[in-house]
Amino acid sequence: LLPLQALCKDNIYPGLGIFAKGYGKNNEPLRGYALTFCIGLAFILIAELNIIAPIISNFFLASYALINFSVFHASLANSPGWRPSFKYYNMWVSLAGAILCCVVMFVINWWAALITLLIILALYIYVSYKKPDVNWGSSTQALIYNQALTHCLSLSSVEDHVKNFRPQCLVLAGYPNSRPALLQLVHSFTKNVSLMVCGHVRTVSRRPNFKDLSQDYVRCRRWLIKKRIKAFYTPVFADNLRHGAQLLLQAVGLGRLKPNTLVMGFKNNWSDGNMRDVENYINTIHDAFDLQFGVVILRLLDGLDISHIPGQDELLSSSEKPPKESKDVLISVSPAKDSDSESCPSKTHSNQSSPLIIRATETKCPLSLTDQRLLESSQMFKKKQGKGTIDVWWLFDDGGLTLLIPYLLTIRSKWGDCRIRVFIGGKINRIDHDRRVMATLLNRFRIDFSDINVLGDINVKPKKHNKLSFKELIETYRLKEDDMEQEAAERLKAQEPWRITDNELELYKAKTNRQIRLNELLKEHSSLAKLIVVSMPLARKGTVSSALYMCWLETLSKDLPPLLLVRGNHQSVLTFYS
């Protein structure tokens, strides 16, 4: 009866938990004895041996068949933990024994055999559906590992092909529950299609605590499983965001299962923080391009980071019926909202607590209107989007990533009612021709679209008040070398490389005006879109300062619906051939 007691302790099947209790120093399952006595008595009272015998024989044979098959399966998994001590043993004999047991079951009584198999199948399906939180070290787990390793090695021996390209994403999200909107959107186009890794750069000022890191890893994995987000979680300790991102960009992945697209949140509060952090943020983008990664940046009007709101898991599920008792939730606890809170992983210092599992009932507190809007927007990609459009502003040929991501979104049920609208630049006297060419191209790529808009006025000068707004935006970050001696200006530029020079402003005046003009067109054409996907402008590394590049991104994406800035690595990801 010990197996029955162990089964009841695991609480797999409802109603059996009461038989798990043991009594005495030997933990005797007295309740199990009573249950067995009742079952035995019931069969005795039938008083028909010819009816009882086939049923009992079939269940015994089913047990032998399962034991034989389990032995065969454990050998097939080739797990080092499976070390049979039988003097004479062969895995194929075990398989033959399992098959013979099943055959004899049908020979004895076919209808009893069918009933037995149906009962076993029903119990297996129930356990598979419920997925109990227990770990038996099953042979199935060992076989999955073996197959995954074999297939991964097989993939490594084959060169990549454009037909099999998948956007495998490294998402710099900090603690997974810090930026749920970012994870949910990326999960929408990677689920069951490609790899998603949640990278977490934990910046430390003292010696890192690796014990806390391993504990946090377990908690974050549980959170991802609870939210049904199919992703891996990978934390690293580093001095700053850029250093940590470099570690992740170079080391994350296994063979062909390696990220090729970096996904980040937009740094909403960049103008209020330390410009060194902006420098690291922009350099992280440059590093991704240098390592042949595509880059995707998500911007929401209210921001992404909700880690400063205690107990947000409970608040986010307030529409559901909460349990009467308190429940455990994972939250990120930080002494203050750091300067990278909207764009990069959460910082942790020696005096900062790691994410904790705390009681949700202890975290109830009134929220400000800003935090309420932030929480609402953080769940916007979790619900069905309804009818609307995904506006794709394909302004540069980056290999096709800007088109592929919207397509992958529209094949999901949450985005199934949305239609793709494509916007491209063009000349006024060639609008019809450019539209036909683009329509032909999209049809050959087999990408459904509802409309194509050719922007003949894309090169028109921006409005004067918008240019003045940009001038006010960059004023704080200008070097203003005309107001000081050349030597002093060079020294300041060396100390603060993010400063914008007058020569730089003049050299990239046309590109600056283009970002201002694009924002005007985005507000005019896409203010009601469910999602905007726009080609991200590039800045020449070492020539364009971090402050100017950040001002470009800020100007292009401000005051708009959810917006994705996308730039591929110029590797083709779309093909005419299926």
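The values are calculated or read from the model by the stated rules, or taken from the named source; none is laboratory data. Computed from a prediction, not measured in an experiment: that's the story for all the values here. Positions of Cβ are generated from backbone atoms using ideal geometry, with glycine treated the same way; all protein chains shown enter the neighbour counts. All accessible areas refer to the heavy atoms of the entire protein, side chains included, with ligands and DNA or RNA removed. Shrake-Rupley method; radii C 1.70, N 1.55, O 1.52, S 1.80 Å.
Computed values, structure above
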read-out	value
Only listed residue being in a strand (DSSP E or B), under 29 Å from residue 448 (Cβ atoms) and touching a residue at least 60 places away in the same chain (Cβ under 8 Å), chosen from 565, 521, 560, 528	565
Test: residue in segment 510-522 that is modelled with pLDDT under 90 and either at negative phi or hydrophobic (A, V, I, L, M, F, W, C) (or both)	no
In segment 455-499, residue surrounded by the most Cβ atoms within 10 Å (Cβ to Cβ) [restricted to those that are closer than 19 Å to residue 519 by Cβ and among the hydrophobic types (A, V, I, L, M, F, W, C)]	455
Residue in segment 192-210 that is under 23 Å from the mean Cα position of the chain (by Cα), part of a helix (DSSP H, G or I) and touching a residue at least 24 places away in the same chain (Cβ under 8 Å) present	no
Selection count where residues are assigned to a helix (DSSP H, G or I) and either open to solvent by 10 Å² or more (accessible area, probe 1.4 Å) or among the basic types (Lys, Arg) (or both), scope segment 288-297	2
Boolean, residue 540 is in a loop (DSSP other than H, G, I, E, B) and either among the charged types (D, E, K, R) or open to solvent by less than 30 Å² (accessible area, probe 1.4 Å) (or both)	yes
Number of the exception - residue 188 against (1) of a type outside the set (A, V, I, L, M); (2) open to solvent by 40 Å² or more (accessible area, probe 1.4 Å); (3) assigned to a helix (DSSP H, G or I); (4) touching a residue at least 60 places away in the same chain (Cβ under 8 Å)	(2)
Residues satisfying the stated conditions in segment 53-84, i.e. polar (S, T, N, Q) and either within 19 Å of residue 138 (Cα to Cα) or open to solvent by less than 40 Å² (accessible area, probe 1.4 Å) (or both)	58, 63, 68, 70, 75, 78, 79
